[in-house]
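See structure below.
The values are calculated or read from the model by the stated rules, or taken from the named source; none is laboratory data. Just so it is clear, the structure is predicted and the values come from calculations on it, not from any experiment. Heads up, the Cβs are rebuilt from the backbone with ideal geometry, glycines too, and the neighbour counts pull from every protein chain shown. In case anyone asks, the SASA skips ligands and DNA or RNA and just uses the protein heavy atoms, side chains included. Shrake-Rupley method; radii C 1.70, N 1.55, O 1.52, S 1.80 Å.
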Amino acid sequence: MRHILYHMRYATVHKLDARGQSAMRYTGEVVERSADVVRLVAYWNRPHLDLGYARFEPGDRFIEWFYTGRWYNILEIHAAATDALKGWYCNVAAPAIITDDQIAYRDLLLDLWVSPAGVTTVLDEDEFEANAFLDGATRSAARAALAELKAHVQQRAAPFSAIEL
């Protein structure tokens, strides 16, 4: 796979909810792009958010991977003050639609948190199961994506190669 580096090129990320409606929008700097993946860097610009398993704070650095052929995206999160790895937030989502300056993905509610030590926590399973907007094929693809993510973590495949030993 040939990678092309981009400098000072930005993309707007559009997170869509399970129904396909706009849920969030932000901009990040594209640092790597190929035919099937975009990696960008973005910064948390919202108030403190304590999720219990992690706390996001203004200025936290997010390194994000969006794929056109995978049913997930991965956000690697670093602390604003120290740049220490906080962990990986993995959104199970329909494959991203990527254009020159836009990235859109439909969030499927199911998420995986991975700690720096490699401990995984599946999030929002109840919401996923209860959502009426997801058909059987989408649910199957989402479950397969979650299994694929867990396997990547266990194998310490990129970007999970930074998991503490």
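Here are a few things to note about the model shown:
- Checklist (1) within 24 Å of Glu32 (Cα to Cα); (2) at pLDDT below 95 applied to Leu112, failing item: (2)
- Scanning the range 106-142 for residues being open to solvent by 80 Å² or more (accessible area, probe 1.4 Å), out of contact with any Phe, Trp or Tyr (no Cβ under 9 Å at 6 or more places or on another chain) and not small (Gly, Ala, Ser) gives a total of 6.
- In the range 98-119, the residues that are within 16 Å of Pro159 (Cβ to Cβ) and among the hydroxyl-bearing types (Ser, Thr, Tyr) reach residues that are open to solvent by less than 30 Å² (accessible area, probe 1.4 Å) and in a strand (DSSP E or B) with C-beta atoms within less than 6 angstrom, at least six apart or across chains, in these pairs: Ser115/Gly87.
- When the criteria are applied in full, His14 fails the requirement of being without any contact (Cβ under 8 Å) to a residue 12 or more places away in the chain, over 24 Å from Lys150 (Cα atoms) and open to solvent by 20 Å² or more (accessible area, probe 1.4 Å).
- Applying the criterion of being in contact (Cβ under 8 Å) with a residue 60 or more places away in the chain and assigned to a strand (DSSP E or B) to the residues of the range 41-70, the residue that is farthest from Asn131 (Cα to Cα) is Ile63.
- Among the criteria (1) within 28 Å of Thr27 (Cβ to Cβ); (2) not in a strand (DSSP E or B); (3) not aliphatic (A, V, I, L, M), the one Lys150 does not fulfil is (1).
- Given (1) surrounded by 13 or more Cβ atoms within 10 Å (Cβ to Cβ); (2) over 16 Å from the mean Cα position of the chain (by Cα); (3) among the hydrophobic types (A, V, I, L, M, F, W, C), number of the condition Val38 does not satisfy: (2)
- Meets criteria (out of contact with any Asp or Glu (no Cβ under 7 Å at 6 or more places or on another chain) and either of a type in the set (A, V, I, L, M) or part of a strand (DSSP E or B) (or both)) for Ala81: yes
- The requirement of being part of a helix (DSSP H, G or I) and touching a strand residue (DSSP E or B) at 6+ places or on another chain (Cβ under 7 Å) is not satisfied by Thr121.
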